[in-house]
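Student: I am attaching a structure below and will ask some questions about it afterwards.
The values are calculated or read from the model by the stated rules, or taken from the named source; none is laboratory data. Remember, it's a predicted structure, so these values are computed and weren't measured experimentally. Quick reminder, even Gly has a Cβ in these numbers, built from the backbone with ideal geometry, and neighbours come from all protein chains shown. The accessibility values were calculated without ligands, DNA or RNA, using every heavy atom of the protein model including side chains. Shrake-Rupley method; radii C 1.70, N 1.55, O 1.52, S 1.80 Å.
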Amino acid sequence: MKVAIIGAGPRGILVTRYLIEHFKQSQIDQLAIHLFDPYPIGGRTWRTDQSIHLIMNTDAQDISMFNNCRQGPSLDQWARTEAPDFILGDKHPFQTELNSHSKINTYQFKDQLFKASTRLMPTNYTPRPLYGVYLQWCFQRMTSERYLPKNVSIHIHQKKVLDVERKGNQFNLMTDHKEAFDDNFDHVVLNVGLSENHPNQQQQALQKYANNNHLNYILPGYPSDTPLSHIKPRSNVIIRGLGLSFFDYVTLLTEGRGGRFQIMPDNTLSYNKSGQEPHIYAGSRRGMPYYPKGTDQKRHNEAYQPHFLTHDRIQRHLDNYHLPYQDFVELLKLDMEYVYYTRLVQAKYPNVNLDQFKSAFIEDPKNAIKHSKINHDDLLDWDHVLNPVAGVKITTVENYQKTIINKLQKLINGAAKGTKTDPLSSALSTIIDFEDTIRTIVRKKLFTNDDYEKHFLKDFNSTSRFISMGPPLIRIKQLKALIKSDIVTIIPPQMHVAGAKQQFKAVSYFYPKEIFSGDTLIEARLPKIDLEHSDNVVLNHLKAKGIDSSYQKDDHFNNHFYKWGNINEGKSDWLTTISPKNKDYDFNKVIATKIADTILNIKSNQN
């Protein structure tokens, strides 16, 4: 049997792992696994040659390519044990003729990776290239002679797949080397990551304006892949978007250019300029960066459990077999409020009987709050949470920086207390804790099409990213220092951008008196997952041929063709961009197991 896996990132590695581990349970005599990716093992997002300053958005102890510590180390465990020797060693025990293709120990930033591995703590956020090294170590281990059955072979093709052609129940592949793999693959697993899209009408207009006026216009894409050397020191850069990509670009244009942050006696940060930085004007619709992640105080596998967004309550709210979107939001908000008020009572109201309050809240939330001794100022104000600068009187943009600095400091103070101490940080962390519950709602298609497309994909995704999927706390501390150092200016809400007078112009709708000019405009966001406008060649060819047209009929499986990961976001999956988690039930590992077991024709124990 021959299996082609397109994409050698974490998902491709997981499928490879389960094919190897479960092979002996099958009736198959020979298994040849072919991995295709234009990038080395680990894939594009986790390239080992990207800037060491770019970090992951999940702490190290929560990432693992293994089901438990008996099978293999989590990311933080690996960093403390295996990583230093693996990074610096000339030869690793796992490396053999069979898997020498991974090019281990040829890292461009070996010294930086070594230092990062020795300093990584469980609750730290790992440099992305170091995670790439971890993925390569895992792959070396999985495919070593110690673990690889004799009748299983691994073949790595560092090439981009352009087309998949079905021949009956088998497939042929075409790569960018004009090479046809007429190997008659029995199964194809497609798990490519995010890909660029064709520019929309507005982007085409801005691109044309930039070309005509010798300006720089950067489309949505991976910051780590974006050339920034043409941005001159002390020039003006406009960044549209204040999410995760914004922080990546700011990092590359500051620390990436030799600037350094210094810890002050009061534990705040100050920024020492290198002189190579541009000045950054950044804004968004909200005019406020994403909430930072709170310091993780939860034990391994510990998570908040729903009291309202439960199976029974969801069933009671079904209307004609569908869960109304507003009911979903209300149930989720009640769970978040339950966590908020639980932590609030613990922190500030020792005279309130906590157990009685929790029971009363589950029974009747409004009545519990009404009859509690909680001060009005401590009540959870959802309008303020979702729009932190609403009602702020803007006199000048300079004055707005003081407002932003004060807001950021409050977020810093709360997030630093942690996800089992600070009421707001604890409450906001529940969305990630409930990811499997929310994903189940999506996969079971409990929303109507109208609610799903108009409200969940737009409103909920935007809101959940803003309040619960923001950057690590260190990024907010750094941003505050950069604003105070006059490197970054945050433009007030409703920022609009246009081209005028041979420059890009940015202005806030709420304060149109101050207009900011720039030679560079950066769209700070990853490409939207949009198969209709994707620039991915293999996806476009598959769509044209209809190979994946019936995919939705049976989730990830379609007659020996398997498609999962980011390309399913917004169709049958939710939150597909996350890396494999270090927990008992991990969605990525469950799907990888089911795909491997289906290929091997063995009964899977995954639901």
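Student: Rounded to the nearest 0.05, what FRET efficiency do ARG313 and ALA347 have when you use their Cβ-Cβ distance and R0 = 35 Å?
Tutor: The calculated FRET efficiency here is 0.80.
Student: So how far, in whole Å, is the C-alpha centre of the stretch 488-533 from the one of the stretch 57-75?
Tutor: The stretch 488-533 and the stretch 57-75 have Cα centres spaced 39 Å from each other.
Student: Within the chain, what percent of beta bridges assigned by DSSP are antiparallel, to the nearest 5?
Tutor: On the way: 30 of 64 bridges.
Of the beta bridges lying entirely in the chain, close to 45 percent run antiparallel.
Student: Next question. In straight Cα distance, which aspartates and glutamates are under 19 Å from LYS501, not counting same-chain residues fewer than 8 positions off?
Tutor: The reachable aspartates and glutamates, counting only those whose Cα sits under 19 Å from LYS501, are GLU514, ASP519.
Student: Set the Förster distance to 41 Å, then compute FRET efficiency between ILE405 and GLN202 from the Cβ-Cβ distance, nearest 0.05. Don't jump to the answer; show the numbers that get you there.
Tutor: Values: r = 32 Å, r/R0 = 0.78.
The formula returns an efficiency of 0.80 here.
Student: Hey, what do the phi angles of the stretch 256-273 turn into as Karplus ³J(HN,Hα) couplings, whole Hz, using 6.51/-1.76/1.60 and θ = phi - 60°, x for Gly and Pro?
Tutor: For the stretch 256-273, the Karplus-derived couplings read x, 10, x, x, 9, 9, 10, 7, 8, x, 8, 6, 8, 10, 10, 10, 9, 6 Hz, x marking Gly and Pro.
Student: Can you pick out the pairs among LYS420/LYS477; LYS528/LYS581; LYS420/LYS445 whose Cα atoms lie more than 26 Å from each other?
Tutor: Numbers: LYS420/LYS477 21 Å; LYS528/LYS581 24 Å; LYS420/LYS445 33 Å.
In this structure, LYS420/LYS445 exceed 26 Å between Cα atoms.
Student: Label points 7 Å out from Cα along the Cβ direction at ASN559 and GLN356: separation in nm?
Tutor: Placing both labels 7 Å along Cα→Cβ, they lie 6.6 nm apart.
Student: List the residues, sorted by chain then number, that are 5 or more residues from ASP183 or on another chain and whose placed amide H is less than 5 Å from its amide H.
Tutor: Amide H neighbours of ASP183, under 5 Å, 5+ apart: LEU173.
Student: Taking 0.36 nm per intervening residue step and subtracting the Cα-Cα distance, what contour gain separates ILE263 from GLN276 on full extension? Present the calculation step by step, with values, prior to reporting the outcome.
Tutor: Values: separation 13, 0.36 × 13 = 4.68 nm, distance 2.13 nm.
This chain segment gains 2.6 nm when fully extended.
Student: Along the stretch 61-67, what does the Karplus equation 6.51 cos²θ - 1.76 cosθ + 1.60 (θ = phi - 60°) give for ³J(HN,Hα), rounded to whole Hz, x for Gly and Pro?
Tutor: In residue order, the calculated couplings are 5, 9, 10, 7, 8, 10, 6 Hz.
Student: Return the carbon/sulfur percentage of the accessible area of the chain, one whole number, probe 1.4 Å, all protein chains in place. Walk me through the numbers before you get to the answer.
Tutor: On the way: 13140 of 27850 Å².
C and S atoms contribute 47 percent here.
Student: Order TYR321, TYR400 by their accessible area, 1.4 angstrom probe, all chains in place, largest first.
Tutor: Values: TYR321 180, TYR400 5 Å².
Final ranking, largest accessible area leading: TYR321, TYR400.
Student: Using only Cα atoms, locate the centre of the stretch 312-363 and the centre of the stretch 415-458, then give the distance between them in Å, rounded to an integer.
Tutor: 14 Å
Student: Grab the beta carbon distance between ALA544 and ASN212, set R0 = 30 Å, and tell me the FRET efficiency rounded to 0.05. Present the calculation step by step, with values, prior to reporting the outcome.
Tutor: Working: r = 34 Å, r/R0 = 1.12.
The formula returns an efficiency of 0.35 here.
Student: Output the peptides 129-140, 288-299, 63-74, 261-272 sorted from most to least packed, where packing is the average of other Cβ atoms within 10 Å over each peptide's residues. Let's see the in-between values first.
Tutor: Numbers: 129-140: 25.9, 288-299: 20.4, 63-74: 17.8, 261-272: 12.1.
In decreasing order of mean packing, 129-140, 288-299, 63-74, 261-272 become 129-140, 288-299, 63-74, 261-272.
Student: Any idea what the dipole of the chain comes to, in debye rounded to 20, about its Cα centre with Lys/Arg Cβ at +1 and Asp/Glu Cβ at -1? Display every interim value, and only then the final one.
Tutor: Numbers: 75 positive and 65 negative charges, 226 e Å.
Result for the chain is approximately 1080 debye, rounded to the nearest 20.
Student: For percent of Cα pairs over 35 Å apart, which listed value, (1) 65; (2) 56; (3) 44, comes from the coordinates shown?
Tutor: Step by step, percent of Cα pairs over 35 Å apart for this structure corresponds to label (3).
Student: Additional query: Can you list the lysines whose alpha carbon is less than 22 Å from that of LYS24, not counting same-chain residues fewer than 8 positions off?
Tutor: Correct list for LYS24: LYS2, LYS150, LYS589, LYS594, LYS603.
Student: Could you check the spin-label model distance between LYS232 and ASN169? Points 7 Å from the Cα along Cα→Cβ, value in nm.
Tutor: Each label point is offset 7 Å from its Cα along the Cβ direction, giving 6.5 nm.
Student: With each pseudo-label sitting 7 Å past Cα toward Cβ, what's the THR106-ASP535 distance in nm, one decimal?
Tutor: About 2.8 nm, to one decimal.
Student: Per DSSP H run of n ≥ 4, the term is -39500 (n - 2.57); total these for the chain, divide by its residue number, and report the mean residue ellipticity at 222 nm rounded to 500 deg cm²/dmol.
Tutor: Working: 20 runs with 208 residues, N = 607.
Estimated from H runs of four or more residues: -10000 deg cm²/dmol.
Student: Next question. Measuring with a 1.4 Å probe in the full set of protein chains, what accessible area per residue, in whole Å², belongs to the chain?
Tutor: On the way: 27850 Å² over 607 residues.
Averaged over the residues of the chain, the accessible area is 46 Å².
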